[in-house]
1. Please state which one of PRO53, PRO132 is open to solvent by 40 Å² or more (accessible area, probe 1.4 Å) and of a type outside the set (D, E, K, R).
2. Just one of SER309, SER273 is part of a helix (DSSP H, G or I) and either surrounded by 24 or more Cβ atoms within 10 Å (Cβ to Cβ) or among the polar types (S, T, N, Q) (or both); which is it?
3. Within the stretch 391-405, identify whether any single residue is within 11 Å of the ligand (Cβ to nearest atom), modelled with pLDDT of 95 or more and open to solvent by less than 20 Å² (accessible area, probe 1.4 Å), and answer yes or no.
4. Tell me yes or no: at least one residue of the stretch 286-293 is in a loop (DSSP other than H, G, I, E, B), touching a Lys or Arg at 6+ places or on another chain (Cβ under 8 Å) and more than 30 Å from GLY32 (Cα to Cα).
5. Of all residues being of a type in the set (Gly, Ala, Ser) and more than 16 Å from the ligand (Cβ to nearest atom) in the stretch 331-364, which is most open to solvent (accessible area, probe 1.4 Å)? Just the residue, please.
6. Being within 15 Å of the ligand (Cβ to nearest atom), on the phi > 0 side of the Ramachandran plot and not basic (Lys, Arg): is that true of GLY384 here?
7. Within the stretch 323-350, count every residue that is β-branched (Val, Ile, Thr) and either under 21 Å from the mean Cα position of the chain (by Cα) or more than 20 Å from PRO500 (Cβ to Cβ) (or both).
8. Report yes if some residue within the stretch 96-112 is among the small types (Gly, Ala, Ser) and closer than 20 Å to HIS56 by Cβ; otherwise report no.
Amino acid sequence: MVKHIFITGGVVSSLGKGLTSAAIGMLLENRGFRISMQKLDPYINVDPGTMSPYQHGEVYVTDDGAETDLDLGHYERFTHAKVNCHSNYTTGKIYSEVIRKERKGDYLGRTVQVIPHITDEIKAAIQAAVDPSIDVAICEIGGTVGDIESLPFLEAARQLALSREPEDVLFVHLTLLPYLKASGEMKTKPTQQSVGKLREIGVQPHILICRTEKPISEEMREKISLFCNVPRRCVIEEKDVDFSIYELPVNLVKQGLDALIVEKLRLPASQPSDDSAWRRMLEKLKAPKHRVEIAVVGKYISLHDAYKSIYESLTHSGIPNDTKIELRKVAAEDVEQLGAAQLLAGVHGILVPGGFGERGVLGKVEAIRYARERKIPFLGLCLGMQCAVIEFARNVAGLAHAHSAEFDSKTSDPVIHLMPAQENVSDKGGTMRLGSYSCALRPGSRARAIYGTPQIEERHRHRFEFNNAYRERFESLGLLASGIHEPMNLVEIVEIPNHPFFVGVQYHPEYKSRPLEPHPLFREFVHAALTHAKALGNAPGKRPGESTGDASSSDTGHEGAEVGATSTTEIGAR
Ligand code: GLN
């Protein structure tokens, strides 16, 4: 029977519960166990698809088209767990199901209550993520213990544990040991109190993972053990990582966390842990020979989490290229104000990510023009690809007013448009192309060479499409449609063969990149950037001063508020 691990968080949010959960998943896989990963989110949105990236970070899309929490990205980058629409439940999703059943009369006249109806629905959701092939189901409970919102989830986990043998369910609590500079001390009181809160609702954590800046002394460990009712060896230190989040699993293994979990869950004798490939990857990540500077020209630049999977994909792609990636984060609106030359001078590659809403679109188009004309490697993702088509239409095909119908519904040249079937649908939530779609790659194209296979599957999250009415004309001018979703005849990839690297894709390759298997598009983009850097004598690009964009309008797939800014940072640090 499947065993369960519940991971809760205490003291503050943003402790890295998602990463820790993913790392625990990896530890168990390295010992040969099959795992599933799930996230329960306490907010009332049915899914994060309607939230602004500035509220929530990126929306992570699964193969089956679920719009989910970005922690699922960590799960897929660290483990082989299959994520799907059951891997992420929110309070909103649970309640809407209960209310749907109530309206249908399924509760036979009974009063519908949090306990047992909501908690039963949560338990059903937990079971839905598990299939019989799974040894251990790992479930991260979002939010912070002590919040009203997460109570039903904790209660459901408690009930599930009650119905099972003690060795079948493990509670891991991630907490913070703040360091007070003034007194030079680490403090255990917040941890004691958050464990106290858990115990009040009937959950005694078995393992405490303590986020800390400094090592935990034996004395401190003893104190935590005594006050939190957890054996000393079950107090695990999770010190801030030095250079990469990918160090975390190795740090946890050093403290024997995997052996401890195997013992506590009385898992059958497992194979010895094998993380040699991961360690080799870390060695390469630590000591790159080269460096490149990549500009990411986007709308949600001030929040790292808004483009999380893209930044991670770039990091992964540095590994086989032996290259450190330095990011130049550029707010697309600033390009409109200051010009591409000022903000992009010296970069070795330009990436334009996806997005919704008009703000910054012309800045993206300008950045793409700069990349095309100066022969700087360019990768456009989703809206980034659409902007590449707009740029080509305006500046090469001479269609001065060409636009996407998303931004100008009356444009004379809607080079990006809604598919006819979608034009009259008013419920925007129902019209996106979401999840995995096939794509046939054109023989002889760059895309075909990059992937090394004639047929691929990639994940989508968009509403608008390349307008096939312009395909022949653009191809004759040098913009090749090199990937097609054949069943619906939709253009998935455009490329300029007469350019060192100019590729735009209608999908989101960033969801499928992993540290041990960097996505081929990102890998080859970074390779092209490195070639460009070498041609320039590997000179570091000039960094312009930081500049700030203004707060502005709604920008999600649906609605939401946000702010914008340009910053320059390096990737890889936690
Ligand atoms: N806004 C564009 C569309 O809906 C692109 C979406 C995206 O980049 N994810 O088609």
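The values are calculated or read from the model by the stated rules, or taken from the named source; none is laboratory data. Small disclaimer: the values here were computed from a predicted structure and weren't measured. Cβ placement follows ideal geometry from the backbone for every residue including glycine, while neighbour counts extend to all protein chains displayed. The accessibility values were calculated without ligands, DNA or RNA, using every heavy atom of the protein model including side chains. Shrake-Rupley method; radii C 1.70, N 1.55, O 1.52, S 1.80 Å.
1. PRO132
2. Answer to the selection: SER309.
3. Checking the stretch 391-405: at least one residue is within 11 Å of the ligand (Cβ to nearest atom), modelled with pLDDT of 95 or more and open to solvent by less than 20 Å² (accessible area, probe 1.4 Å).
4. The answer is yes, given that some residue of the stretch 286-293 is in a loop (DSSP other than H, G, I, E, B), touching a Lys or Arg at 6+ places or on another chain (Cβ under 8 Å) and more than 30 Å from GLY32 (Cα to Cα).
5. Result: ALA341.
6. Here the answer is no, as GLY384 does not meet what is asked.
7. First, the residues of the stretch 323-350 that are β-branched (Val, Ile, Thr): 323, 325, 330, 335, 347, 350.
Checking the rest, the ones that are also either under 21 Å from the mean Cα position of the chain (by Cα) or more than 20 Å from PRO500 (Cβ to Cβ) (or both) come to 325, 330, 335, 350.
Count: 4.
8. Pass one, the stretch 96-112, residues among the small types (Gly, Ala, Ser): 96, 105, 109.
Cutting the leftovers down to closer than 20 Å to HIS56 by Cβ gives us 96.
Yes, the conditions are met somewhere in the stretch 96-112.
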